[in-house]
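Structure first, then comments.
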Amino acid sequence: MKQLVIHPERCTGCMQCELACSFVQTGTFQPSVSVIKVHVFDEQASMAPYTCFQCEEAWCMTACPVNAITIDNVIGAKVVLSEVCVGCKLCTIACPFGTIFYNPESNKAFKCNLCGGDPACAHACPTAAIEYEDSETKDWVGPWAERLNESFLTALAGEPS
Amino acid sequence: MKTTHLIIGAGPAGMAAIDTIREFGDTSPITLVSSETPYSRMVLPYFMDGTIPEQNVFTATDDYLRERNVEPILGRTVTSLDPGGKAVCDDGTEIEFDDALIATGSSASRPPIPGIDGESVFNLWTLDDARAVLAQKGGEIAVIGAGFIAFTCLDALIRLGARVTLVEVEDRILPRMIDEHGASLVRSFLESKGVSFRVGAQVSSIEDAGGRKEINFADGDVLEADVVITATGISPNLGLVDGSGIETDFGILVDDHMRTNAGNVFAAGDIAQGPVIGSDRKEVHAIQPTALEHGRIAGANMAGGDAAYWGSLLMNVVDVQKLQIASFGDWLGEGAEVRTVENDSRPVYRKLIFQGEVLTGAVFLGRPDDVALLNDMGMTKGLIQTGLHLGEWRKYLDRYPLDIRRPYVASKAAEKLLEMQLLNKPSIPRGYRQPDPDPKYWEYHDVFVSTITEGE
Ligand SMILES: Cc1cc2nc3c(=O)[nH]c(=O)nc-3n(C[C@H](O)[C@H](O)[C@H](O)COP(=O)(O)OP(=O)(O)OC[C@H]3O[C@@H](n4cnc5c(N)ncnc54)[C@H](O)[C@@H]3O)c2cc1C
């Protein structure tokens, strides 16, 4: 199955993924409603995008009281069926990855649906930090960030709190 | 009659169990007995406020059940259960079973106040309750009990055109959902929207007065209303296990396989008192996500699987007049280390609760359009659920409590969570869905991609 593969070391923090994503998902250029988020690791002058893993447990799908979330047969993405969603937000507190959100304007949940098999974030990324290719799912950013942040935490520990 | 699996109760827990038994390839006969038709209680507010038509609260049709070899016996109540393999219904029907699931949920409970069972006093717990309340015509509504359930229906009542007064016996609202300070922010916000409150108010009686209702308080005060709604708590529907030898405490005690002390009898959902994340005590959480997880575990094990539950996490979210309130885990945080932040120009509040280096609970308050302040709720849940030791990141959160994301990513919460599968296999879509799903969920995208392609 194709996945969004994240290469944190290539990310320049240009935020094009967030703009592209918010436009596709909500019709507005509004990074705060993008379903891909660029994390800033500023002490190392690094950034990394983070989005839905399309995880196998599918916490959002299994928590939904009206079965408004399903799996796209072709691309395997977990997708919200807007006509069925009642806007109860249970998925937004059940998903432990923090990758499904509530849109107050439409009163619906929304999440990464892999743009129907042609993800806008991967298109928009100028440095191929986001690629859409056959792969297993894994925590792309965690191990990288853990390593990078050691010096940051050492600095923080030295500061008076 | 005889069956292999007897499911008692067609709420989310019972229905999740049925779907999971079939998901695990077990095709043996299932009999479903339920006092009510299959529907989801938590969807009732969305029916009441007009978001969805009434038919959309149902979670199965007769055809759906029969196609899955499930014999529905609806409108019947199981009155006694012999773990030896026999259940008796209120009409005398006897059902023999190999194994049974008790998923009877809970009922609204009312304090013993004179007049509380009078006319124009309604509960808000069942579809019939919702229908009865909808048949009222606005006016003044007094809701007794200012807890989570009252809050789930508040917007619907206001949209009915009602002026609402929330009456609470404790000296604060939402006493079992958020901390006192958060509750006071919610209260002032709602007061600014025209909702009235009486807290610390002991109701002594409810009387009829010229076609209206009079609520009398112990301190001599009187509140008039056209309709009274009680949302004063729930009690588990335990009647059927009386004298059966099945162990109960507040609910029916279950192990991590949702088994009761009678090996072939399982319990799930609001009725079950089961394992909890981060605690040795068994609890009844009475929330939808727990009911669904319980139901899935029970179904898998009834189908011959071996699914062990990692425990429930308390979590709730509710929206009132465009204020979103959410809480997780040990939100009360008694005796714990606590970090709070708030915005003094609008109702935005966050509380993080720690035991040492572990995040154990949280409270979120904000307007739904305060997206950046609410969109890390899921990550917060992930950290609480995994109980990860945050190490130095604990200190970071003291300084930057709005930046959950960095500690989350750096503590590799995702790596741990990606390994978690409730039933030891990938989930599949299951359960009944209302017809007419939207087939064009990526409509916008076509526009966008063609724009990009043109530019390339
Ligand atoms: C208005 C409202 C809003 C809510 N909002 C939320 C929310 O936002 N989030 C959340 O997490 N939870 C919410 N809840 C709670 C949630 O609905 C319950 O936790 C959930 O329904 C529990 O599921 P269950 O299957 O255990 O029990 P129930 O849903 O109570 O189902 C039990 C079924 O068993 C039947 N039954 C009972 N006794 C017998 C018997 N002896 N024989 C046969 N059948 C029997 C009942 O008729 C019923 O059909 C809300 C509840 C209400 C009423």
- Item | the range A:56-111, relative contact order [Cα under 8 Å, separation at least 6], % | 31
- Taking a ≥ b ≥ c as the square roots of the eigenvalues of the Cα gyration tensor of the range B:299-372, is the shape rounded (a/c under 1.5), prolate (a/b larger than b/c) or oblate? oblate
- To the nearest 0.05, how large is the calculated FRET efficiency for B:S188 and B:N264 if R₀ is 45 Å and r is the Cβ-Cβ distance? 0.25
- Task: Report the FRET efficiency, 1/(1 + (r/R0)^6), for A:T28 and A:A128, where r is their Cβ-Cβ distance and R0 is 25 Å, rounded to 0.05.
- Result: 0.45
- Measure off, as a whole percent, the carbon and sulfur share of the 1.4 Å-probe accessible area of the protein assembly as shown, all protein chains present. 48
- Query: GNM, chain A, Cα, under 10 Å: largest mean-square fluctuation among A:S34, A:S46, A:S22?
  - Reply: A:S46
- Task: Please name whichever of B:M177, B:T248, B:I206 sits farthest to the positive end of the charge dipole of chain B, dipole taken about the Cα centre and charges placed at Cβ: Lys and Arg +1, Asp and Glu -1.
- Result: B:M177
- Anisotropy class of chain B from Cα gyration tensor, a/c 1.5 cut: rounded
- Message: For chain A, take the longest principal axis of its alpha carbons; what is the angle in degrees between that and the long axis of helix A:142-158, to the nearest 10 within 0 to 90?
- Response: 50
- Across A:K138/B:K395; B:K137/B:K213; A:K138/B:K425; A:K138/B:K416; A:K2/B:K381; A:K78/A:K138, pairs whose alpha-carbon gap is larger than 18 Å: A:K138/B:K395; A:K2/B:K381
- Query: Measuring from label point to label point, each 7 Å out along Cα→Cβ, what is the B:F217 to A:E56 span in nm?
  - Reply: 5.7
- Within the set A:Q16, A:Q30, A:Q54, GNM on chain A using Cα springs under 10 Å gives the largest fluctuation to A:Q30
- Item | Pair B:S196, B:D63: separation of 7 Å Cα→Cβ label points (nm) | 5.0
- Message: From Cα pairs below 8 angstrom and at least 6 apart in sequence, can you work out the relative contact order of chain A, rounded to a whole percent?
- Response: 31
- Message: Testing the spin-label approximation: label points 7 Å from Cα along Cα→Cβ at B:R163 and B:E207. State their distance in nm.
- Response: 2.2
- Rounded to the nearest 20 debye, dipole of the range B:322-424 from Cβ charges on Lys, Arg, Asp, Glu: 180
- For B:S80 and B:E96 in the same chain, what is the full-extension length gain: residue separation times 0.36 nm, less their Cα-Cα distance, in nm? 4.5 nm
- Item | Paired Rg and Dmax values of the range A:56-111, which use every Cα atom, in angstrom | 10.3, 29
- Rg/Rh for the range B:322-424: what does it come to with C-alpha atoms and Rh from Kirkwood? 0.97
- Between B:Y309, A:S32, B:T31, whose Cα lies farthest towards the positive end of the dipole of the protein assembly as shown when Lys and Arg beta carbons carry +1 and Asp and Glu beta carbons carry -1, centred on the Cα centre? A:S32
- Task: Report, in whole Å, the centroid distance computed from the Cα atoms of the range B:173-198 and the range B:311-372.
- Result: 14
- What net charge is computed for the residues neighbouring B:D256, neighbours being all others with C-beta under 14 Å from the C-beta of B:D256, Lys and Arg scored +1, Asp and Glu -1? -1
- Message: Roughly how far apart, in whole Å, are the Cα centres of the range B:40-88 and the range A:32-110?
- Response: 29
- Would you work out the relative contact order for chain B, in percent, from Cα pairs under 8 angstrom that are 6 or more residues apart? 15
- Message: Using the Cα centre of the range B:1-147 as the reference point, and only Cβ charges (+1 on K/R, -1 on D/E), how large is the resulting charge dipole? Debye, rounded to the nearest 20.
- Response: 240
- Item | Label zone at B:F250, where the point sits 7 Å out along the Cα-to-Cβ direction: the range B:94-134 residues whose backbone N lies under 16 Å | B:105-110
- Query: Looking only at the range B:232-270, which residues have a backbone nitrogen under 18 Å from a spot 7 Å from the Cα of B:N424 in the C-beta direction?
  - Reply: B:255-259
- Query: Dipole of chain B, Cα-centred, from +1 at each Lys and Arg C-beta and -1 at each Asp and Glu C-beta, to the nearest 20 debye?
  - Reply: 840
- Task: Could you please tell me the mean projected area of the C-alpha convex hull for the range B:121-236, averaged over all directions and given in square nanometres to one decimal?
- Result: 7.4
- The correct ranking of B:R259, B:R350 by accessible area at 1.4 Å, largest first, is B:R259, B:R350
- Message: To the nearest hundred square angstrom, how large is the accessible surface buried between A and B, total for both chains, probe 1.4 angstrom?
- Response: 6100
- Task: Pick out, from B:I141, B:L160, B:A225, the residue whose Cα sits farthest towards the positive end of the charge dipole of the range B:121-232, with +1 on the Cβ of Lys and Arg and -1 on the Cβ of Asp and Glu.
- Result: B:L160
- Grab every C-alpha pair in the protein assembly as shown, bin the distances at 20 angstrom width from 0 up to the longest one, and report whole percents. 19, 52, 27, 2
- Query: Which of the lysines could a cross-linker span from B:K86 if the Cα-Cα distance has to be under 23 Å and same-chain partners fewer than 8 positions apart are dropped?
  - Reply: B:K2
- Quantify how strongly other chains surround peptide A:102-115 by giving the mean number of their Cβ atoms within 10 Å of each of its Cβ atoms. 3
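The values are calculated or read from the model by the stated rules, or taken from the named source; none is laboratory data. Values in this document were obtained by computation on a predicted structure and should not be read as measured data. Backbone-built Cβ (ideal geometry, glycine too); neighbour counts: all protein chains shown. Heads up: the accessible areas ignore ligands, DNA and RNA and are worked out on the full protein's heavy atoms, side chains in. Shrake-Rupley method; radii C 1.70, N 1.55, O 1.52, S 1.80 Å.
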